[in-house]
Structures are given as structure tokens and as C-alpha cells.
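Report on one structure; see the data block that follows.
The values are calculated or read from the model by the stated rules, or taken from the named source; none is laboratory data. Note that the structure is predicted; figures quoted are calculated from it, not measured. FYI the Cβ positions are ideal-geometry reconstructions off the backbone, even for glycines, and counts take in every protein chain you see. Keep in mind that these areas ignore ligands, DNA and RNA; they rest on the heavy atoms of the full protein, side chains included. Shrake-Rupley method; radii C 1.70, N 1.55, O 1.52, S 1.80 Å.
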Amino acid sequence: MASPKQHQLQYTEFWQARTGLTFGVERILFNRQSAYQHVQVLQTDAFGRMLTLDGLVMLTERDEFVYHEMISHPALCLLPRPRRVLIVGGGDGGTLREVLRYSEIEQVDLVEIDEVVIEAARTCFPELSIAFDDPRARLHVADGVAFVREAAPASYDLVIVDSTDPVDFAEGLFGESFYRDCARILTDEGVLVTQSESPFDHTFQASIQAAHAMLGRIFPRVHMYLAHIPTYPMGLWSFTLASKRLHPVEDFDPEQAARRLAPFADRLRYYNVELHRAAFALPSFVRRLFTEAPSAHPESLHSDDMG
């Protein structure tokens, strides 16, 4: 009996000490050091092509649809009349692809600081980067914080923060002033969405609590929702929706959402009308994050911050 083929290349993202997720690597497809980070695309045996930034998994071909659908469609199906959208980050093009599925969207500004990420997407992920060529898309290689600061008031219906590490709300790049600017550039019914790491990871629980409290000082409504992303640490991933007026469940109109999804519903692989409500139903341990004071947690589960 022949022995299994042995692959010499492996990639492991460690979450804590020796614990992590290991991928078999067939070959390296893209390898560049940008002014900001190390950008790689690896061909894996089980998850297809995989994009990493500074050694941390951003997406894989096999499960990218979960992240990109869930950071986009809950807000877009909640909003009654979305026309203009801002994406901060998202240089792989996946979130842009999902937003542009809606014919009523008139303009999307995507602000990505690292042009090498865009190059990697165009080179290795054509199914994502095809959205860059849509005439409604405006691509800006620029600092997202400065772009938001300089944008006109009430100029967007939706702001999506699709960035590598937005969970450190209270400090660093994405601080309170950034999110106050986001609120300023949103319309009266405007919505903000950001990915907010894994609530199952003790490392991020205190950050999630601080983020929720900070956004609550800016927006009347702040709600977390969840999705399962196999290649992200712990698999359980969270997103946070902050709104000036709309409640993501009470104001959600399933019939309207179904009509708007109908032209492309057969191309969605995760999000649907029934899932929308379910995603906001949080496990008890997650609910308690918002009723208990932050506490000390064990040492980080990651060798670095993960976005």
C-alpha cells in the first residue's frame, strides 16, 4: 500500500503557545512586503487559496463567503433605501462584491491603505476583485481614518469597517474619534458595521466589552451578531452593528429583504432572511459580556493580533 504523499510546506497560525490551526501548503503564489505588512497568498490543500497579512489568515477561497456575506447583507437588508456605502479596508474586494449585488446601490467608496493587498487580490482572487471594475465602485488607496474625517456629513447610508484589527476601539488607529466621524457621515437612518473578533476568545472579551460601551456613547443602538468561520480563531466570529435609529431585528422587514435578495439569492451561500434574525440571538456567555464588568483574562491566545 502506497504511503500518503508528504508535503514539505505547512502553515500554522498559533493562537496560544503551541495551539493553532495548520494548513497544508502546496505552493506560495504571492509574496510581497508592503510598506505596512507582509502580504502572502498560499495555495492550501483543503481551503484553496489563502490570503495572509503578517502571517495571519484573512480569507480562504473555501470560507470567505461567510465573512463577506455577513459583514454586508444584514445591514443592507435592514436599511430601507441604501444608496451610498463606504468600505474602510476590504482591499481583497469580497465585501465590495456583496454590496454591489444590490441594483439600488449607486456608489461605493472603498478605502484601502495598502495597494499591495489590492494587487494580491487582482492577481490571485479574481472572483473577489472583479468587483473593482464595477462602474459604481470608487477605489481609494488612502488612509481610511483621514478619509472618514474629511468626508461630508450625512454622505453615506452604510459604513463598513472591514479592517484587520478594529477591535481595539479604545486605543490605536480605530479610536472613539474615528467612530464619531463615522456617525457624522452617516444619514439619519445610517448604519455602521464592523467585524469584532471572537467572543469565545478570552483575549478579546474585554475589548468587546469596551467596544460595545464606546459605540453606545455614540449610537443609540449597538448589537452584536455571530457567524461561523472555520479558518478564524475559535471558529465563532462576531460582527457589531451600530445604528442611529434602526433595530436590526425589530425593524427588519423579511418580506422586503426577500424581494431585494431575490435577484441573487441563489448565489448566496450563508446569509438568508431566516438566518438574519437567528444571527442576533446570542449564546448566554456572549450576552453576559454586556451585563458583566470587564475582568482580567488569561494571556493572549494569539501570537499576534488577528483581523
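Side notes on the structure shown:
- Unique residue being among the aromatic types (Phe, Trp, Tyr) and closer than 22 Å to Trp237 by Cα when the list is Tyr102, Tyr36, Tyr67: Tyr67
- Hey, Leu226 open to solvent by less than 10 Å² (accessible area, probe 1.4 Å), touching a Leu at 6+ places or on another chain (Cβ under 7 Å) and not aromatic (Phe, Trp, Tyr) or not: no
- Counting only strands (runs of 3 or more DSSP E) that fall entirely inside region 1-99 and contain at least 1 residues that are of a type in the set (D, E, K, R) and within 30 Å of Arg136 (Cβ to Cβ), the qualifying elements are 19-33, 49-53, 84-89.
- The combined condition, being free of Cβ contacts under 8 Å to residues at least 24 places away in the same chain, more than 18 Å from Phe264 (Cβ to Cβ) and either open to solvent by less than 30 Å² (accessible area, probe 1.4 Å) or not aliphatic (A, V, I, L, M) (or both), is not fulfilled by Gly55.
- Neighbours by Cβ (under 7 Å, 6+ apart or cross-chain): first from region 277-296, open to solvent by 70 Å² or more (accessible area, probe 1.4 Å); second in a helix (DSSP H, G or I) and modelled with pLDDT under 95: Pro294/Ala206; Pro294/Gln209; Pro294/Ala210
- Residue in region 9-25 that is among the small types (Gly, Ala, Ser) and at pLDDT below 95 present: yes
- Qualifying positions in region 216-237 - within 20 Å of Gly190 (Cα to Cα) and either assigned to a loop (DSSP other than H, G, I, E, B) or of a type in the set (S, T, N, Q) (or both): Arg217, Ile218, Phe219, Pro220
- Taking strands (runs of 3 or more DSSP E) as the structural unit, those lying wholly within region 100-209 and holding at least 3 residues that are in contact (Cβ under 8 Å) with a residue 60 or more places away in the chain and open to solvent by less than 60 Å² (accessible area, probe 1.4 Å) correspond to 156-162, 186-195.
- Residue match in region 1-22 (condition: open to solvent by 10 Å² or more (accessible area, probe 1.4 Å), aromatic (Phe, Trp, Tyr) and touching a Pro at 6+ places or on another chain (Cβ under 8 Å)): yes
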